[in-house]
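Only one structure is covered here, and it is reproduced in the block below.
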Amino acid sequence: MKKTRWLLALLLAGAMPALAAPESCERVKDEIQQKIISNGVPESGFTLEIVPNDQADRADAQVVGHCANDTFKIIYTRTDNDQQ
């Protein structure tokens with residue numbers, strides 16, 4: 001009986017990371033936004049957008065992150081406001 005309990009506990013502990021939900025796309029986007037701002041880019045100097053993978057290829061944008069088990073991309077676009 002004790003072996004069964006230990007085995008069950010080990011199996012559950014090993015499965016916990018797989019059962020954990022991925023971070024929400026908004027949370028990942030907010031983290032990336034804070035990193036960009038801390039590197040000195042003004043908040044008005046860029047936009048971040050969450051798009052499906054098939055819409056991530058844009059000439060004027062750069063993929064800076066992904067979320068939802070890599071089904072969405074977060075793309076960075078510079079705006080004209082950051083030119084001095």
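Quick note: the coordinates plus some simple rules give every number you see, no bench work behind them. Every value quoted in this text rests on a predicted model; they were computed, and no experiment measured them. Counting neighbours? That spans all protein chains shown, and the Cβs are built from the backbone with ideal geometry, glycine included.
A few notes on this one:
- For the stretch 38-44, 3J(HN,Hα) computed residue by residue from phi via the Karplus equation (6.51, -1.76, 1.60; θ = phi - 60°) reads 5, 8, x, 7, x, 4, 7 Hz, glycine and proline entered as x.
- Net +/- balance of residues flanking A56 in space, Cβ distance below 13 Å, scoring K and R +1, D and E -1: -3
- As a size descriptor, the averaged projected area of the C-alpha convex hull of the stretch 41-84 was calculated at 3.2 nm².
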